[in-house]
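Here the structure comes first, spelled out in structure tokens, and everything after it is commentary.
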Amino acid sequence: MTMKTDTLLVHAGEPRPRSGGAVAMPIYQSSTFEETEGLGYHDIRYARLSNTPSHDSLHAKLAALEGAEAALATASGMASISAALFSVLRTGDHLLAQDGLYGGTHDLITHDLPRLGIEHTLVPGDDPAAWERALTPRTRAFYLESMTNPLVRVADLPAAASFARSRGLVAIIDNTFATPLGFQPLRRGFDIVVHSATKYLNGHSDLIAGALMGPLERVRSAKRTLDHLGGSLDPHACFLLQRGLKTLAVRFRQQCATSLALAQFLEKHPAVARVNHPGLLSHPQHARARELFAFFGAMLSFELRGGAAAAGQMFARLTLPLHAPSLGGPETLVTRPAASSHVGLSPEERARMGISDGLVRVSTGLEAAEDLIEDFGRALA
Ligand SMILES: *Cc1c(COP(=O)(O)O)cnc(C)c1O
């Protein structure tokens, strides 16, 4: 029986029979476990090795969500991303990476990997000719995101996966923005999926965690890397993430619906020059997003005609959204990328990427759509 993601979120990975009869998976808050006679060094159970009962149950749930053979929970999204890249790449290798990646990933690729002798080329997400030109005999992997931040662009993901397959590259994708509810990359030809579970998977703005999913051998290899890098998830955080996951479907569905309603409202507002949301007909990859994703996501950005000053005034007048980075929680969050995630870039670089000073990013929360729209309307008046 193939079950829907909603059902897997609740039931996958939960022990049967239940541990001690407990309906909710208990927290195994123990750093170490008794040894069993006859087992070897690799069978030692120790929390840094991500193999407590709290990890096992969470891993089975995470794997089921992406239709993966195996999964690994990590101490942050960056721990998943670094474990994925370090397990695949070695000195002398070359990486193809989509331009406009999450800042931490971009810095890892452009600052840390070169120190280890791993080169990269940043390429547009929907230009196969540019991918071909960037290819070298040492290219080993292609790294993309299911939607980019903050313009919510959608790369030609099926083309990227088949390009990687035909050139013998490992295709890695950060699926944080789409969530497994919106898009399941392993079913579309990707080899490794990573998530910042800090965002929608946990969904409560109260935890830092990551996840990595894929075939057993790839996950094993990433786990060996993680065992040594040390970025394992604490059993209590495993419990919180497992609890958060159970409500992902209801949370994400509502966040997506509210986000689209807010985007449609903002698109008609005279103070707004442009709205970026994959669900809008005006989005350059709307047709692709409709074809690939079950949901358009809950992230949007919009440009104010009045620039940075108007954004500052709007932030001061908004009563519901909080001015904070991150995304995916119950609270609607607003940021100005030119002053936060992209502050490290020169104004020319930002302009080239399409990030103006008056661009505002919104992570839609779980407030009633009517209340949010009224609040934005008042703040923009
Ligand atoms: C937040 C984020 C990350 C990093 O995740 P952490 O949990 O903060 O380490 C990576 N990728 C994307 C798309 C993100 O939004």
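The values are calculated or read from the model by the stated rules, or taken from the named source; none is laboratory data. Here the structure is a predicted model, which is why all the values come from computation and not from measurement. Neighbour counts run over all protein chains shown; Cβ positions are idealised from the backbone, glycine included. These area figures cover heavy atoms from the full protein model, side chains too; ligands, DNA and RNA do not enter into them. Shrake-Rupley method; radii C 1.70, N 1.55, O 1.52, S 1.80 Å.
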>> All but one of (1) within 15 Å of the ligand (Cβ to nearest atom); (2) open to solvent by less than 10 Å² (accessible area, probe 1.4 Å); (3) part of a helix (DSSP H, G or I) hold for D107; state the number of the condition that does not hold.
In response: (2)
> Among F177, F142, F190, F163, which is over 24 Å from A263 (Cβ atoms) and within 16 Å of the ligand (Cβ to nearest atom)?
Replying inline: F190
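Out of everything in segment 205-233 that is in a loop (DSSP other than H, G, I, E, B) and within 15 Å of the ligand (Cβ to nearest atom), what residue ends up being nearest to F190 (Cα to Cα)?
In the first step, residues of segment 205-233 are kept if they are in a loop (DSSP other than H, G, I, E, B); the result is 205-209, 215, 230-231, 233.
So of that shortlist, the ones also within 15 Å of the ligand (Cβ to nearest atom) come out as 205-209, 230-231, 233.
Values: S205: 28, D206: 30, L207: 27, I208: 25, A209: 22, G230: 26, G231: 24, L233: 25 Å.
Checking each candidate, the answer is A209.
Any residue in segment 60-68 that is within 30 Å of A12 (Cβ to Cβ) and either within 16 Å of the ligand (Cβ to nearest atom) or aromatic (F, W, Y) (or both)?
We begin by selecting, within segment 60-68, every residue within 30 Å of A12 (Cβ to Cβ); these are 60-68.
Right, trim to either within 16 Å of the ligand (Cβ to nearest atom) or aromatic (F, W, Y) (or both) and you get 62, 66.
Yes, some residue in segment 60-68 is within 30 Å of A12 (Cβ to Cβ) and either within 16 Å of the ligand (Cβ to nearest atom) or aromatic (F, W, Y) (or both).
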> Restricting the first residue to segment 195-210 and requiring it to be under 13 Å from L248 (Cβ atoms) and open to solvent by 10 Å² or more (accessible area, probe 1.4 Å), which pairs with a second residue that is more than 6 Å from the ligand (Cβ to nearest atom) and in a strand (DSSP E or B) meet a Cβ separation below 9 Å and a spacing of at least six or different chains?
Replying inline: K199/S363
